[in-house]
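The values are calculated or read from the model by the stated rules, or taken from the named source; none is laboratory data. This structure is a prediction, so every number in the text was calculated from the model and none was measured. We place every Cβ from the backbone using ideal geometry, glycine too, and count neighbours over all the protein chains shown.
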Amino acid sequence: MSPDVIISQNEGVLELRLDRPFKKNAVTIAMYAAMADALQAAEHDDAVRAIVFTADGDMFTSGNDLADFAQAASSGSMAALADIVRFLHVLAGMEKPVVAAVGGDGVGIGATLLLHSDIVIIAENAKLVTPFTGLGLTPEGCSSLLLPKLIGDKRAFMMLALGEPLGAKDAVDFGFATKLTSADQVDAEARDAARRCAKVPPEAMHITKRLLRDKEAIRKAIDTELHYFQQRLASPEARAAFAAFFSR
Ligand code: COA
């Protein structure tokens, strides 16, 4: 288990708490591996009836740890990214309900993870940002398929191609998030929502999730995006962007 993700279980709810606030909760490969393991185990554990993602500090997460990306780009080996791919597929395939408590800005995976969350409680001051192109990268996490469906093609372009942030109120109004609340209430409301999910008969819940999500289309989109994303990671555009970030 990664020390930067705190995993706990209470009243049928498994909580995954990003706990790397000094790096704005940037998600390392070890953190992806720990979360993928926990989600995989939860799918087969009858005692777990719902999942909550949350985070410590003032941000939900600043996205993938750019040091890991820079390392993969310079080594030319994408094998190190296997746990990121595993996490995306496990999360996207979850039959148990997933709730996200977004207490601050969500960048990159901090935004795309929400596309696979069934309930998103978001703080009034939070913003969601997908800065892929500015980093020389392209959309991930099925955002190219799911984001336009949720918020419309034009707004999805502004987010995915121009990196324009989406404020919390707009996220709720456009259907990207479920409920706006104050930052200090985000965790409590997310846990309440998860406990409510946990009380629903599980088989009925799982079938409902299956009906609501076209898993095959989602899986295919994740893999298509990854095909380009991995090429982009090693590109001169991306390498220059990573170097610029670390030489600020
Ligand atoms: N990967 C690696 N390290 C990161 C990081 C990331 N995604 N986001 C933040 N950090 C680190 C910073 O390098 C800094 O480390 P240091 O204290 O050792 O120098 C620390 O976290 C604090 O970040 P800082 O940039 O000083 O905080 P800020 O409040 O000024 O800015 C952000 C916050 C999120 C706007 C800014 O850190 C940022 O743009 N991060 C990159 C976001 C990104 O592009 N993510 C990838 C998406 S695919």
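Would you confirm whether or not segment 38-61 contains a residue that is of a type outside the set (Ser, Thr, Tyr) and modelled with pLDDT under 95? Walk me through how you get there before you give the answer.
The first filter runs over segment 38-61 and keeps only residues of a type outside the set (Ser, Thr, Tyr), leaving 38-53, 55-60.
From what is left, the residues that are modelled with pLDDT under 95 are none.
Within segment 38-61 (the criterion being of a type outside the set (Ser, Thr, Tyr) and modelled with pLDDT under 95), the answer is no, since none of the residues qualifies.
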Test: residue in segment 140-162 that is within 16 Å of the ligand (Cβ to nearest atom) and aromatic (Phe, Trp, Tyr): no
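For segment 1-18, name all the residues that are more than 30 Å from Pro201 (Cβ to Cβ), surrounded by fewer than 18 Cβ atoms within 10 Å (Cβ to Cβ) and touching a strand residue (DSSP E or B) at 6+ places or on another chain (Cβ under 8 Å).
First pass over segment 1-18, keeping only residues more than 30 Å from Pro201 (Cβ to Cβ): 1-4, 18.
With surrounded by fewer than 18 Cβ atoms within 10 Å (Cβ to Cβ) added as a condition, the list becomes 1, 3.
The answer is Met1, and nothing else.
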Matching option when the condition is polar (S, T, N, Q) and within 16 Å of the ligand (Cβ to nearest atom), among Ser247, Ser182: Ser247
The lone exception for Ala194 - which of (1) hydrophobic (A, V, I, L, M, F, W, C); (2) more than 16 Å from Ile119 (Cα to Cα); (3) in contact with a strand residue (DSSP E or B) (Cβ under 7 Å, 6 or more places away or on another chain) it fails: (2)
Residues satisfying the stated conditions in segment 31-53, i.e. touching an Asp or Glu at 6+ places or on another chain (Cβ under 7 Å), surrounded by fewer than 22 Cβ atoms within 10 Å (Cβ to Cβ) and more than 22 Å from Ala204 (Cβ to Cβ): Ala33, Ala36
Failed condition for Phe176, given (1) among the aromatic types (Phe, Trp, Tyr); (2) over 25 Å from Leu14 (Cβ atoms); (3) in contact (Cβ under 8 Å) with a residue 40 or more places away in the chain: (2)
